[in-house]
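Before any comments, here is the structure.
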Amino acid sequence: MSRTRSPTSGNGEAVALSFKSRFQRRASIDITPLIDLSFNLILFFMVSYSIGNVSAITVHLPRAVQAGAQRSGDLVITISEKNEVYLNDVGVRMELLLDELKKRKESVKDGAVVIRGDKMTNYETIVRVMDHLNRAGIPKFTLATTRSSE
């Protein structure tokens, strides 16, 4: 029968030995993918926010020396070269425009209605749209133009 002996110090007391494995590693979390994901999300939201104000309908606006900037959240009425009327890029017949404006009157902030009329649009169509705005109880609006250098 064999006996196992524990290591002892010089005076006969048992000494506990602890061995460290050289293969043992500390747990660590690599945050590089997290940083990459964060930057990609920031980039996505920045790009998508700037695209949000672009209209899908092509309109050649008349030029003016002083042109104001369009605010976000505005109600936009676009009148194309062919005198087609769009309310926030959705086509609306002139006969139904007054009803639509009455429905959306509460959502208009500070009279923020922008009329984007093509420079080749019939003047009578623009006047009819302004008349519908007044009859719907939205007397404040702006006409969109592009800035010209004089």
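The values are calculated or read from the model by the stated rules, or taken from the named source; none is laboratory data. It should be emphasised that the depicted structure is a prediction, and the values quoted were computed from it without experimental measurement. Counting neighbours? That spans all protein chains shown, and the Cβs are built from the backbone with ideal geometry, glycine included.
Exactly one residue out of 103, 140, 119 is among the basic types (Lys, Arg), surrounded by fewer than 14 Cβ atoms within 10 Å (Cβ to Cβ) and assigned to a helix (DSSP H, G or I), and it is 103. Go through segment 122-137 and count every residue that is of a type in the set (Gly, Ala, Ser) and buried (at least 19 other Cβ atoms within 10 Å of the Cβ). Residues meeting the conditions: 1. Checking each residue in segment 93-113 for being in contact (Cβ under 8 Å) with a residue 12 or more places away in the chain and within 20 Å of residue 82 (Cβ to Cβ) picks out 94, 97, 100.
Restricting segment 10-52 to residues that are under 30 Å from residue 76 (Cβ atoms) and either in contact with a Leu (Cβ under 8 Å, 6 or more places away or on another chain) or aliphatic (A, V, I, L, M) (or both) leaves a set whose member that is modelled with the lowest pLDDT is 51.
In a residue-by-residue description of segment 79-96, the property of being modelled with pLDDT under 85, buried (at least 16 other Cβ atoms within 10 Å of the Cβ) and outside any loop (DSSP other than H, G, I, E, B) applies to no position.
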